[in-house]
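Visitor: Structure in structure tokens, see below.
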Amino acid sequence: MMVNKMKIFKYSLVLLLLLLSGCTGSKSKKSGPAYFYLNQNRNLSSVGRTILVELSNDSAYPKVSSDVTDALYEAIQKKQLFGINVVRKNDPAWRNLQLDNFTGYSLDQLSAIHKTLKAEAVLRGTITRYEPYPHLILGLRLELLDLKDGQLLWALEQIWDADDKNTQDRVKDFYDKTIIPFGDGLEKGLGVVSSLKFFKFIAYETAETLQHK
């Protein structure tokens with residue numbers, strides 16, 4: 001058990017170092033998330049069935065967990081990298097495992113998830129911050145773990161602030177090219193004032209980091 005805990009700790013330490021150093025390559029002015037890790041030795045298209053556990057929530061707005069989880073599910077599903085299903089926190093199968101969303105899992109616990117939910121990987125995380133006013137802010141901490149060997153496949157930690165000009169430009173580009181190519185300016189502007197539209201943009205940027213560029 002001590003070996004398992006040390007292994008999980010090692011992965012967490014690697015992630016922490018990457019987040020602190022920002023080792024994600026060169027960034028353009030309109031670039032997306034800066035602090036993410038993608039395992040260079042694994043092709044995520046070969047991961048297999050993945051479960052997305054409904055996000056934990058450190059904010060004062062509990063409904064946000066479901067909304068952001070749904071947005072992530074939709075965006076990742078569109079990438080068609082691997083099969084993905086959502087597991088809600090009140091799902092009896094998940095509750096029976098008696099696991100917190102963001103504690104370090106031992107290999108035995110990962111194996112239990114694998115057997116109980118018949119999945120090859122788990123995507124879990126926390127809403128670290130959410131503020132609906134005076135302007136939208138959302139913070140996420142996410143990680144994708146291989147359930148067979150505990151290997152960290154991908155991770156991200158980021159805060160999106162709708163008051164940031166760079167973020168506003170990226171939201172506009174997203175709705176210009178992806179969602180509403182012929183919509184009017186007012187409709188596109190909702191991306192930084194509507195929480196659900198902002199979540200869709202964030203989920204899109206998050207899903208984009210799952211593939212090597």
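The values are calculated or read from the model by the stated rules, or taken from the named source; none is laboratory data. Fair warning: this is a prediction, and the values are worked out from it, not measured in the lab. Every residue, glycine among them, receives a Cβ derived from its backbone with ideal geometry; neighbour counts consider all protein chains shown.
Visitor: Please pick out the residue among PRO62, PRO134 that is modelled with pLDDT under 95, out of contact with any helix residue (DSSP H, G or I) (no Cβ under 9 Å at 6 or more places or on another chain) and more than 26 Å from TYR175 (Cα to Cα).
Guide: PRO62
Visitor: Return the residues of the range 132-152 that are assigned to a strand (DSSP E or B) and either without any contact (Cβ under 8 Å) to a residue 24 or more places away in the chain or under 14 Å from THR206 (Cα atoms) (or both); say none if nothing qualifies. Don't jump to the end; show me each part of the working.
Guide: Taking the range 132-152 and keeping what is assigned to a strand (DSSP E or B), we get 137-146, 152.
Those that are assigned to a strand (DSSP E or B) and either without any contact (Cβ under 8 Å) to a residue 24 or more places away in the chain or under 14 Å from THR206 (Cα atoms) (or both): LEU138, GLY139, LEU140, ARG141, LEU142, GLU143, LEU144.
Visitor: Given the residues VAL192, VAL171, which is the only one that is touching a helix residue (DSSP H, G or I) at 6+ places or on another chain (Cβ under 8 Å) and either at pLDDT below 85 or surrounded by fewer than 21 Cβ atoms within 10 Å (Cβ to Cβ) (or both)?
Guide: VAL192
Visitor: Are any residues in the range 199-210 part of a helix (DSSP H, G or I) and out of contact with any helix residue (DSSP H, G or I) (no Cβ under 6 Å at 6 or more places or on another chain), and if so, which ones?
Guide: If the condition is that a residue be part of a helix (DSSP H, G or I) and out of contact with any helix residue (DSSP H, G or I) (no Cβ under 6 Å at 6 or more places or on another chain), then ILE202, GLU205, THR206, GLU208 are the ones that fit.
Visitor: Still on this structure, I have one more. Could you check the range 59-78 and list, in sequence order, the residues that are surrounded by fewer than 17 Cβ atoms within 10 Å (Cβ to Cβ) and of a type in the set (A, V, I, L, M, F, W, C)?
Guide: Listed by number, the list holds a single entry, ALA60.
Visitor: Given the structure, is ALA155 in contact with a Phe, Trp or Tyr (Cβ under 8 Å, 6 or more places away or on another chain) and buried (at least 16 other Cβ atoms within 10 Å of the Cβ)?
Guide: Spelling it out, ALA155 is indeed in contact with a Phe, Trp or Tyr (Cβ under 8 Å, 6 or more places away or on another chain) and buried (at least 16 other Cβ atoms within 10 Å of the Cβ).
Visitor: Given the criteria acidic (Asp, Glu), in contact with a Ser or Thr (Cβ under 8 Å, 6 or more places away or on another chain) and either touching a residue at least 12 places away in the same chain (Cβ under 8 Å) or under 30 Å from THR167 (Cβ atoms) (or both), does ASP100 qualify?
Guide: Answer is yes for this residue.
Visitor: Kindly indicate whether THR69 is under 24 Å from PHE174 (Cα atoms), modelled with pLDDT under 50 and touching a strand residue (DSSP E or B) at 6+ places or on another chain (Cβ under 7 Å). Before the answer, list the steps.
Guide: Details: under 24 Å from PHE174 (Cα atoms): yes; modelled with pLDDT under 50: no; touching a strand residue (DSSP E or B) at 6+ places or on another chain (Cβ under 7 Å): yes.
In short, no.
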